[in-house]
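The values are calculated or read from the model by the stated rules, or taken from the named source; none is laboratory data. Please read these numbers as outputs of a predicted model, since none were measured by experiment. Only protein heavy atoms, including side chains, enter the accessible area calculation; ligands, DNA and RNA are left aside. Shrake-Rupley method; radii C 1.70, N 1.55, O 1.52, S 1.80 Å.
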Amino acid sequence: EYYLCLADGTKVWLNSESELTYPVSMGGIFRDVRLKGEAYFDVTKDGRPFVVETNLGKVNVLGTSFGVMAYENEAVLTTLVSGKVMFTGKEGKSVVLAPGEQAVVSLAGTLTKREVNVEEYVGWKDGWYIFKEKRLEDVMHTLSRWYDVSVFYQNPKVKDIRFSGNLKRYDSIRIFLEVLAGSEEVKYK
């Protein structure tokens, strides 16, 4: 996890396995950055467009708070916390987001918009993983990225078990695994 403040005052929190490419000075007409991975942006309003480019499209902003998840070989998720953004996919289709909405671009390029609980998608910035009825496979995918562990399922059926809860990001992964084992549906080594 990494925090940085860009030359224009925009605050950026980068999640694990993430890369942000940005200009050292942002003196031009546009403020463009490129993201691989996941980041939370608190964009400084200065009248110039702020653009976050991902592998499946781009987010256009004037001043707002939002999260973008753009890991390689995964759908791109843009979650709006406050303000207004427009996501444009590579094929040119756009959606405008209001707070509490999320743009989703599949690997095939399909762009959709949905309402979400934003904390589930940006809570990591404040030190929390928040899961609401998430499949075990999705939970473990998130945790394996943060804790740098590999997961093997001896019984593939457990991947679809659903979990809800909050996990402090800086606790040991063992705390979460012990909660899983307490469910009596999952055991781990």
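Key figures for this structure:
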item: Solvent-accessible area per residue, Å², over the stretch 81-164 with all protein chains present [probe radius 1.4 Å]; result: 58 Å²
item: The stretch 1-108: radius of gyration over Cα atoms, expressed as a fraction of 2.2 N^0.38 Å; result: 0.97
item: For the stretch 85-189: span of alpha carbons on each principal axis (Å, largest first); result: 47, 29, 23
item: Using θ = phi - 60° and Karplus 6.51 cos²θ - 1.76 cosθ + 1.60, couplings along the stretch 131-139 (whole Hz; Gly, Pro as x); result: 10, 10, 6, 8, 5, 4, 4, 5, 4
item: Protein accessible area in the stretch 61-189, 1.4 Å probe - carbon and sulfur %; result: 51 percent
item: MET140, MET86, MET69, reordered so the largest accessible area comes first (probe 1.4 Å); result: MET86, MET69, MET140
item: Cα-based helix-to-principal-axis angle, 173-182 vs the chain, degrees rounded to 10; result: 50 degrees
item: Rh by Kirkwood over Cα pairs, then Stokes-Einstein D for the stretch 106-164 at 1.567 mPa s and 4 °C, µm²/s; result: 98 µm²/s
item: Of (i) 17.5; (ii) 20.2; (iii) 19.3, the label for Kirkwood radius over Cα pairs in Å derived from the coordinates; result: (i)
item: Theoretical ellipticity at 222 nm over the chain - DSSP helices of four or more residues, -39500 (n - 2.57) apiece, nearest 500; result: -4000 deg cm²/dmol
item: Where TYR153, TYR129 fall by accessible area, highest first, once all protein chains stay in place (1.4 Å); result: TYR153, TYR129
item: Sequence of GLU184, GLU133 when ordered by accessible area, the most exposed leading, probe 1.4 angstrom; result: GLU184, GLU133
item: Accessible-area value, ASP42, 1.4 Å probe, nucleic acids and ligands omitted, Å²; result: 60 Å²
